[in-house]
Amino acid sequence: MKNRRHELQRLKRVTEAVWLASSQVLRQKAEAERAASMRLGKLQRDRESCMELVSADGATDGAMIVSAARWMRWSEKERARLNMDLARARAELAREQAAAKTAFAKDQALDELLRQMPRNPKA
C-alpha cells in the first residue's frame with residue numbers, strides 16, 4: 001500500500017506539471033484569440049471612419065473618393081485575412097481548452113485518489 005501511495009504521489013506531480021503547462025498554453029492561445037479579434041475590430045472601425053469621411057457633405061473630391069475606394073478594396077482583402085486568422089486562433093483555443101480540461105480532470109482525479117487513500121497504512 002505504501003508503494004502504491006508513493007507511485008500515486010509521483011504520478012500526481014506529473015499530472016500537476018502537465019496541467020500547469022497546459023494552462024499556460026491555454027492563456028497564450030486565449031491572448032492570441034483576443035489580439036486577432038481586436039485587430040479585426042480596429043479594421044472595422046477604420047472602415048466605418050473611411051465611409052463617414054467619404055459620405056460627408058461637400059468635403060470630398062474625386063481624388064479622395066478614388067483613394068478611399070482603393071483603400072476599401074485593400075481593407076476588404078485584409079478583413080478576409082484577419083477573419084481567417086481569427087478562425088484559426090479560435091480553433092487552436094478550442095483544441096487547447098479540450099487538452100487543458102483533460103489535464104485538469106486527471107489532476108483532480110489523482111487528488112481525490114490520494115485523499116481517499118490512508119496516509120499511514122499498517123501493512
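The values are calculated or read from the model by the stated rules, or taken from the named source; none is laboratory data. The model shown is predicted, which means the values in this text are computed figures rather than measured ones. Backbone-built Cβ (ideal geometry, glycine too); neighbour counts: all protein chains shown. Calculation scope for accessible area: heavy atoms of the full protein, side chains included, ligands and nucleic acids excluded. Shrake-Rupley method; radii C 1.70, N 1.55, O 1.52, S 1.80 Å.
Sequence-distant contacts, meaning Cα pairs under 8 Å at least 6 residues apart, place the relative contact order of the chain at 55 percent. With the simple model of a label 7 Å out from the Cα in the direction of the Cβ, Gln108 to Val54 spans 5.2 nm.
Solvent-accessible area of Asp61, all protein chains in place: 90 Å² (probe radius 1.4 Å, heavy atoms, ligands and nucleic acids excluded).
Taking only protein heavy atoms and a 1.4 Å probe, the accessible area of the range 1-118 is 58% carbon and sulfur. For the range 51-101, a crude dipole built from +1 on the beta carbon of Lys and Arg and -1 on the beta carbon of Asp and Glu, taken about the Cα centre, is about 440 debye to the nearest 20. Accessible surface computed residue by residue for the chain, with neighbouring protein chains in place and a 1.4 Å probe, gives 73 Å² per residue.
Can you pull a Stokes-Einstein diffusion coefficient for the range 57-123 at 25 °C (0.890 mPa s), Rh from Kirkwood over Cα pairs, as a whole number of µm²/s? Provide the component values of the computation, followed by the final result.
Numbers: Rh = 17.5 Å.
Translational D for this selection: 141 µm²/s.
In sequence order, the range 82-89 has phi-based couplings of 5, 4, 5, 4, 5, 4, 5, 4 Hz under the Karplus curve 6.51 cos²θ - 1.76 cosθ + 1.60, θ = phi - 60°, and Gly or Pro positions carry x. The lysines within cross-link reach of Lys42, meaning a Cα-to-Cα straight distance under 29 Å and a gap of 8 or more places when in the same chain, are Lys29, Lys77.
In this label model, Ala69 and Ala35 are separated by 3.7 nm, measuring between points 7 Å along each Cα→Cβ vector.
In summary, the lysines within cross-link reach of Lys12, defined as a Cα separation below 18 angstrom excluding same-chain residues under 8 places away, comprise Lys2, Lys101, Lys106.
Relative to the Cα centre, what is the charge dipole magnitude of the chain, using +1 at the beta carbon of each Lys and Arg, -1 at the beta carbon of each Asp and Glu, and rounding to the nearest 20 debye? Show your work: numbers first, answer last.
Working: 26 positive and 17 negative charges, 250 e Å.
The dipole magnitude comes to about 1200 debye.
Be a star and scan the range 19-56 for residues whose amide nitrogen sits under 19 Å from the point 7 Å along the Cα-to-Cβ vector of Ala94. Those under the cut-off are 26-38. Projecting the Cα atoms of Cys50, Val14, Thr60 onto the dipole axis of the range 1-62, where Lys and Arg carry +1 and Asp and Glu carry -1 at the beta carbon, places Val14 farthest toward the positive end.
Given charges of +1 on the Cβ of Lys and Arg and -1 on the Cβ of Asp and Glu, with all other atoms neutral, how large is the dipole of the range 1-71 about its Cα centre, in debye to the nearest 20? Don't jump to the answer; show the numbers that get you there.
Values: 14 positive and 9 negative charges, 245 e Å.
Value, rounded to 20: 1180 debye.
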